[in-house]
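Heads up: the structure comes next, in structure tokens.
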Amino acid sequence: MTIKGNLILSFTKLYAALLIPISAICFLIYWPGLSGGFLFDDNANLNQLGDFNGVRNFETFVLFVGNGIAGPTGRPLSLLSFLLNGSTWPTDPYPFKLTNVLLHLLSGFFLYLLSRLIFLSFNLKPKQAVVAAIIATSFWLLHPFFVSTVLYVVQRMAMLSAFFSIVGLWLYCKGRLRLGDNNNRSGYITMSLGLGSGTLLAILSKENGVLLPLLAACVELCIFRHPSSIARPINRYWSWAFLVLPSFVVAAYLIHSIEPYTFTHSFGNRDFNLPERLLTENRIMTGYLYNLLIPKLSYPGLLYENIEVSKSLWQPLSTLFCTLFIIGLFFSALMLRKRFPFFALAVLFFFAGHVLESTTIGLELYFEHRNYLPAIFLFMPAGYYFVTQQSRLIKGFIIALLVICPIFTYQLSSLWGNDLALTQVWAKQNPTSSRAQLSAALALENKGYQLATLGLLSQAKATIPDSLDLHWYWLKLKCRLQGVSADEFAEIKQVSSTVPFQIHQYNMLQATIDTMLNPDCKGVNSENALVLLDVLQTNPGILQDSGRLFQLHHLKGLVYASTNRPKEALAEYKKVLALRGNIEHGLIQMGVLASHGFFPEALEHLNDVDKILAGQPQPSQTLFKTKLDYQAEIARIRQNLLDDIKASKK
């Protein structure tokens, strides 16, 4: 066997001896979490699998993949990946979670290949590069902070975008190291393919894939332009076209997205303005880094919305220290990038990965999955120092952390495999989070512990009096179990008239109204439901945003239809059309009238919908955004209604 053959065999054995066991450990520690269920946004994004009786042919396939609601692009590649696991709804969460874990392992494999190339570019010996890359990759693969990303099904979107970004970076680095070996053309083709296709595929999975050129620029600045790197100089025109200009486009978009109004007023659906968001994110980013560098058994998880907003650098005081820390860390990375290139890469890449979701766009403040891609190089200094330093203390510390990570991850994964235990832990960790209390109550009720659910809700609505969700959920359950007194309903009316109504609370309101129409609901009935909806029309949230008023008219129409008052129901539905002019809403309301046997009213409403459709421009049918043929559908329904009216007169 040749010397080259012996080297390949040696590296293959080393790889098999290290990364394969690490991957097996990763799969085993996530195994307990596969028994968990769907959570929160899983339902909102996946329940469309049940539309049109499931994804069963090309038309329904295009409708599902082309009409995503999670972002501006619709994220069609992520939706396509969900079809690997199920095509109807409701469905089994197990294959969805299993696919997430396998995708995590696949991303880890390419991260190893990417890290190894970067270490090799610094003239590390091949065996050193393998060991350093495996250590850096293992921290990322096994870290407990990413349990809430891997086992939360809908975060397939963040994971898939990260996967394509990692593969794109690997191809970029692979091509980059070919330059200067009489193979420039092949190198530039590989680099261009990596960044071009990687960015496109990542964006179609989740929009922050647009950051790939900026992330590659961080690698270029910290690694390939370092004096110790073996990489040859890059063509400046290629660099401008593929690295600099795309990064400027991202910066320009972030600047353009700034709405001057938000300097002094809150974002439309948030309780913070732009300066407050930027200040608060300094504290949050510091917390992210702390949680990543210090593995823990407990993290805030998905239900961490009640974050104290920073009103200034001094309120709270931790804002000042965190802001100074973030600024100091950023400029230290820039200034020390030649002396500590892997430290600089870890820091600058981390900040670049957060630039879209943690700056000027009015998103929610905290989400753990935002760190999934930005943290891929955070542990490269550990791998580098492990193979280049002789200190047993440093090596022992790195090994100790690497042993702790899978132990903690296994504990968290086991918790995620038990929906009831998971939600109860979140409720205890976040006592002032209405989301945490609602999720705990839903899990208890689903397991049949109705009295315990009622007790939890009673305590939660007292602790969080400004959550309409909790009050309505309590009313819904209380009327079924024990009955609602006049005084208790008066309290619900009072709260509903004063606590601002938020758009995300509509589903709970609808469920409560549906329950009040049920004969098993004691103490309140359909008339109380109408009273509650009338009270909500004076709610501060409705008065500030009259666009939400259509929801109340829709529910009033439902109440009237359910109590055999078709004329009143039709009048409410006409108000909805006047406020929104939405074809789909109109067809749903027509369906409500028809399902109750009110065929003439349903036909009249259908005609109103048809008039609105005639006045709207017809949307073009494209691959990624498509709608039903409303004209054909209305014609079909009209004929059915005419047949029903004719049959009812016989």
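Each residue in the range 426-461 was checked for being among the polar types (S, T, N, Q), under 16 Å from Lys478 (Cβ atoms) and touching a Ser or Thr at 6+ places or on another chain (Cβ under 9 Å), and 1 pass. May I ask you to verify whether Arg565 is exposed (fewer than 12 other Cβ atoms within 10 Å of the Cβ) and modelled with pLDDT of 85 or more? Answer is no for this residue. Checked against the criterion of being surrounded by 11 or more Cβ atoms within 10 Å (Cβ to Cβ), closer than 30 Å to Ser197 by Cβ and in the same structural domain as Leu195 (by TED's automatic domain parsing), the candidates Ser266, Ser257 yield just one match: Ser257. Within the range 361-375, can one find any residue that is basic (Lys, Arg) and surrounded by fewer than 15 Cβ atoms within 10 Å (Cβ to Cβ)? No. Pairs meeting the criteria (first residue in the range 564-591 and small (Gly, Ala, Ser), second residue assigned to a helix (DSSP H, G or I), beta carbons under 6 Å, at least 6 apart or on different chains) are Ala569/Gly557; Ala569/Tyr560; Ala569/Ala561; Gly581/Ile612; Gly586/Leu577; Gly586/Val609. Of Gly557, Gly597, Gly591, Gly615, all but one fail to be outside the structural domain of Tyr506 (by TED's automatic domain parsing), at pLDDT below 85, of a type in the set (Gly, Ala, Ser) and over 30 Å from Ile203 (Cβ atoms); the exception is Gly615. Could you check, for the range 181-199, whether at least one of its residues is within 30 Å of Asn418 (Cβ to Cβ) and touching a residue at least 40 places away in the same chain (Cβ under 8 Å)? No, the conditions are met nowhere in the range 181-199.
If I ask for residues that are among the charged types (D, E, K, R), surrounded by 22 or more Cβ atoms within 10 Å (Cβ to Cβ) and closer than 22 Å to Arg270 by Cα, which ones from the range 447-486 would you list?
Step one: list which residues in the range 447-486 are among the charged types (D, E, K, R), which gives 447, 461, 466, 469, 476, 478, 480.
With surrounded by 22 or more Cβ atoms within 10 Å (Cβ to Cβ) added as a condition, the list becomes 461, 469, 476, 478.
Of everything in the range 447-486, those that are among the charged types (D, E, K, R), surrounded by 22 or more Cβ atoms within 10 Å (Cβ to Cβ) and closer than 22 Å to Arg270 by Cα turn out to be Lys461, Asp469.
One residue stands out in the range 195-236 among those that are aliphatic (A, V, I, L, M) and more than 22 Å from Arg116 (Cβ to Cβ): the one that is farthest from the chain's Cα centre (by Cα), namely Leu214. Listed by position, the helices (runs of 4 or more DSSP H) inside the range 175-270 whose residues that are polar (S, T, N, Q) number at least 3 are 184-205. For Leu289, the test of being at pLDDT 95 or above and under 20 Å from Arg337 (Cα atoms) is passed.
Would you point out which residue out of Leu641, Leu603 is at pLDDT 85 or above, buried (at least 16 other Cβ atoms within 10 Å of the Cβ) and not small (Gly, Ala, Ser)?
On the way: Leu641 fails: at pLDDT 85 or above.
Residue meeting the stated conditions: Leu603.
Restricting the search to helices (runs of 4 or more DSSP H) fully inside the range 27-122 and requiring at least 2 residues that are small (Gly, Ala, Ser), in the same structural domain as Thr199 (by TED's automatic domain parsing) and touching a residue at least 60 places away in the same chain (Cβ under 8 Å) gives 94-120. In the range 256-303, which residues are of a type in the set (A, V, I, L, M, F, W, C) and closer than 27 Å to Ser439 by Cβ? If the condition is that a residue be of a type in the set (A, V, I, L, M, F, W, C) and closer than 27 Å to Ser439 by Cβ, then Phe267, Phe272, Ile284, Met285, Leu292, Ile294, Leu297, Leu302, Leu303 are the ones that fit.
Scanning the range 487-519 for residues that are in contact (Cβ under 8 Å) with a residue 24 or more places away in the chain, surrounded by fewer than 15 Cβ atoms within 10 Å (Cβ to Cβ) and among the small types (Gly, Ala, Ser) gives a single hit, Ala511. Scanning the range 411-432 for residues that are surrounded by 22 or more Cβ atoms within 10 Å (Cβ to Cβ) and either among the small types (Gly, Ala, Ser) or assigned to a loop (DSSP other than H, G, I, E, B) (or both) yields a count of 2. Within the range 463-515, the set of residues being of a type in the set (A, V, I, L, M), closer than 22 Å to Tyr560 by Cα and touching an Asp or Glu at 6+ places or on another chain (Cβ under 9 Å) comprises Leu475, Met508, Leu509.
Tell me the residue from Leu324, Leu345, Leu289, Leu329 that is closer than 22 Å to Asn430 by Cα and in a helix (DSSP H, G or I), please.
Leu289
Would you check which residues across the range 548-573 are more than 13 Å from Ser526 (Cβ to Cβ) and acidic (Asp, Glu) and list them? Spell out the reasoning first.
Initial filter on the range 548-573 (more than 13 Å from Ser526 (Cβ to Cβ)): 548-554, 566-567, 570-573.
The answer is Glu572, and nothing else.
Residue-level analysis places Asn100 outside the set of residues that are on the phi > 0 side of the Ramachandran plot and out of contact with any Pro (no Cβ under 9 Å at 6 or more places or on another chain).
Sort out which residues of the range 382-396 are more than 21 Å from Phe146 (Cα to Cα), of a type outside the set (Val, Ile, Thr), assigned to a helix (DSSP H, G or I) and in contact with a helix residue (DSSP H, G or I) (Cβ under 9 Å, 6 or more places away or on another chain), and write them in order of number. Passing the criteria: Tyr384, Tyr385, Phe386, Lys395. Taking the conditions exactly as written (assigned to a helix (DSSP H, G or I) and over 20 Å from Ser138 (Cβ atoms)), does Leu454 satisfy them or not? Considered against the rule, which asks whether it is assigned to a helix (DSSP H, G or I) and over 20 Å from Ser138 (Cβ atoms), Leu454 comes out as yes.
The values are calculated or read from the model by the stated rules, or taken from the named source; none is laboratory data. Bear in mind the structure is a predicted one, so any value in this text is a computation, not a measurement. Cβ coordinates were reconstructed from backbone atoms using ideal geometry, including for glycine residues, and neighbour counts include every protein chain displayed.
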